[in-house]
1. In segment 263-291, which residue that is open to solvent by 50 Å² or more (accessible area, probe 1.4 Å) and part of a loop (DSSP other than H, G, I, E, B) is farthest from M148 (Cα to Cα)?
2. Out of the residues in segment 67-94 that are part of a loop (DSSP other than H, G, I, E, B), crowded, with 24+ Cβ neighbours inside 10 Å and not β-branched (V, I, T), which is nearest to the ligand (Cβ to nearest atom)?
3. Considering only strands (runs of 3 or more DSSP E) fully contained in segment 166-227, which possess at least 1 residues that are of a type outside the set (G, A, S), away from the ligand (no atom under 16 Å from the Cβ) and touching a strand residue (DSSP E or B) at 6+ places or on another chain (Cβ under 8 Å)?
4. Could you tell me whether any residue of segment 103-113 is of a type in the set (V, I, T) and within 17 Å of the chain's Cα centre (by Cα)?
5. Would you tally the residues in segment 1-38 being touching a Lys or Arg at 6+ places or on another chain (Cβ under 8 Å), open to solvent by less than 70 Å² (accessible area, probe 1.4 Å), outside any helix (DSSP H, G or I) and closer than 22 Å to R238 by Cβ?
6. Quick one: count up the residues across segment 217-235 that are open to solvent by 80 Å² or more (accessible area, probe 1.4 Å) and not charged (D, E, K, R).
Amino acid sequence: MSPPIQIPSSNPKANYLAHKGEIDAAIARVLESGWYILGREVQSFEQEFAAYIGVHDAIGVANGTDALKLSLQACGVGVGDLVFTVSHTAVATVAAIELAGATPVLVDIDPVTYTMDPNCLEDALAHPWDGTPKAVIPVHLYGHPADMVSILELANRHALYVIEDCAQSHGATLDGRMTGAWGDIASFSFYPTKNLGALGDGGMIVTDNPALAERTRLLQQYGWRERYISDIPGGNSRLDELQAAILRVKLRFLDADNEKRRSIAALYTDHLVKAGFSCPVLSKKSRHIFHQYVICSSRRDNLKTYLNERGIGTNVHYPQAVHEQPAYAGRIPVSAPLTYTEKAVREILSLPMYPELTLEQAKFVVDALLAWKKSL
Ligand SMILES: *Cc1c(COP(=O)(O)O)cnc(C)c1O
């Protein structure tokens with residue numbers, strides 16, 4: 001039997017405790033206000049988040065999956081349309097495309113950054129698919145920005161909307177510009193373990209395009225421009241006041257928390273590269289915010305068990321590529337063999353990563369990895 005995990009792979013409770021006083025006060029403020037849906041907290045958080053990303057509009061929604069679905073719908077993507085994305089992602093990216101009624105087309109990743117390979121996107125766009133190419137969803141996976149310059153260039157050439165999936169990249173930048181400020185529209189998740197995490201569900205859509213912002217607001221609440229009068233058919237996907245108040249506190253600490261993640265990552269890389277581990281690669285152009293710190297090894301399962309037996313929690317993000325999962329296998333168009341996607345799935349391992357992980361704890365993780373290497 002393994003000992004109880006002493007160092008978990010993520011730790012949302014530690015982040016709550018780190019800011020407990022302010023979060024408790026924010027919760028009490030909402031409870032006392034008597035206003036629990038779409039009020040001052042959501043409005044303020046939307047403004048603060050838009051300013052943080054550097055875009056004009058932000059619209060709070062219920063979760064990250066809804067944020068993607070509503071972004072697609074705001075762009076007019078629906079039945080008969082093709083949306084290009086990756087198979088190496090949270091299933092939500094692909095699920096949202098189908099929820100919008102469109103057809104996902106999955107392309108391979110770059111083996112170094114684990115994000116969409118623009119060359120694979122280009123090949124996929126040259127293929128005669130059954131449907132109308134309408135949008136591309138790059139995913140800034142693990143907190144590493146996708147190659148937005150190449151992807152935007154291809155999207156412009158093919159008149160595609162670019163919808164960034166920023167569920168893992170709150171605060172990551174490319175060429176000094178935030179992820180979420182590159183495409184036509186972008187979606188964020190505030191699932192508790194994300195870099196900016198609620199104490200429950202939450203999501204956000206950001207855009208600089210006023211027409212897309214307006215359509216998103218309508219879709220978000222019954223198509224209402226005026227209360228009780230639906231202009232267009234819509235649904236209900238609201239961020240609530242409690243989560244917005246909590247997220248306003250946490251947003252103020254996001255940059256500092258991301259810096260802590262980067263310090264832990266630097267410590268990991270420093271020791272592990274020397275020992276021959278395959279570690280995340282930093283690029284001068286981007287600021288990686290390490291939602292996950294992912295190494296890869298051909299003996300991944302053995303390593304995972306070894307660490308687990310020493311009280312170190314790890315995870316595999318994700319254990320099966322979307323196109324191989326029972327819900328999608330054989331049904332979703334896949335552009336060329338997804339060689340690097342399928343290789344990654346077999347080899348990746350996410351090490352413990354959260355801002356409150358101390359450097360001493362990170363060193364303990366490193367020592368276990370080095371001991372495993374020696375034992376081989
Ligand atoms: C978490 C996540 C989502 C979905 O967010 P939810 O809030 O859980 O719906 C979408 N895409 C990616 C890449 C994610 O990591």
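The values are calculated or read from the model by the stated rules, or taken from the named source; none is laboratory data. Quantities reported herein were computed from a predicted structural model and do not represent experimental measurements. Glycine also receives a Cβ, built like all others from the backbone with ideal geometry; neighbour counts cover every protein chain displayed. Keep in mind that these areas ignore ligands, DNA and RNA; they rest on the heavy atoms of the full protein, side chains included. Shrake-Rupley method; radii C 1.70, N 1.55, O 1.52, S 1.80 Å.
1. For segment 263-291, the residue satisfying everything is G276.
2. Filtering first and then ranking leaves H88.
3. Values: elements: 185-189, 203-207, 224-226.
Qualifying strands (runs of 3 or more DSSP E): 203-207, 224-226.
4. Looking through segment 103-113, at least one residue is of a type in the set (V, I, T) and within 17 Å of the chain's Cα centre (by Cα).
5. Number of matching residues: 1.
6. So the first thing to find is which residues in segment 217-235 are open to solvent by 80 Å² or more (accessible area, probe 1.4 Å), and the list is 217, 225-229, 231, 233.
Add one more test, that the residue is not charged (D, E, K, R), and what stays is 228-229, 233.
The qualifying residues number 3.
Rundown of residues vs (1) more than 16 Å from the ligand (Cβ to nearest atom); (2) outside the structural domain of A90 (by TED's automatic domain parsing); (3) out of contact with any Leu (no Cβ under 8 Å at 6 or more places or on another chain), yes/no style:
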residue: Q43; (1), (2), (3): yes, no, yes
residue: G54; (1), (2), (3): yes, no, yes
residue: A58; (1), (2), (3): no, no, yes
residue: T65; (1), (2), (3): no, no, no
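Yes/no matrix, rows are residues, columns are (1) surrounded by fewer than 22 Cβ atoms within 10 Å (Cβ to Cβ); (2) at pLDDT below 95; (3) among the acidic types (D, E); (4) under 22 Å from K69 (Cα atoms):
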{"residue": "D110", "(1), (2), (3), (4)": "yes, no, yes, no"}
{"residue": "T113", "(1), (2), (3), (4)": "yes, no, no, no"}
{"residue": "L121", "(1), (2), (3), (4)": "no, no, no, yes"}
{"residue": "V139", "(1), (2), (3), (4)": "no, no, no, yes"}
{"residue": "P145", "(1), (2), (3), (4)": "no, no, no, yes"}
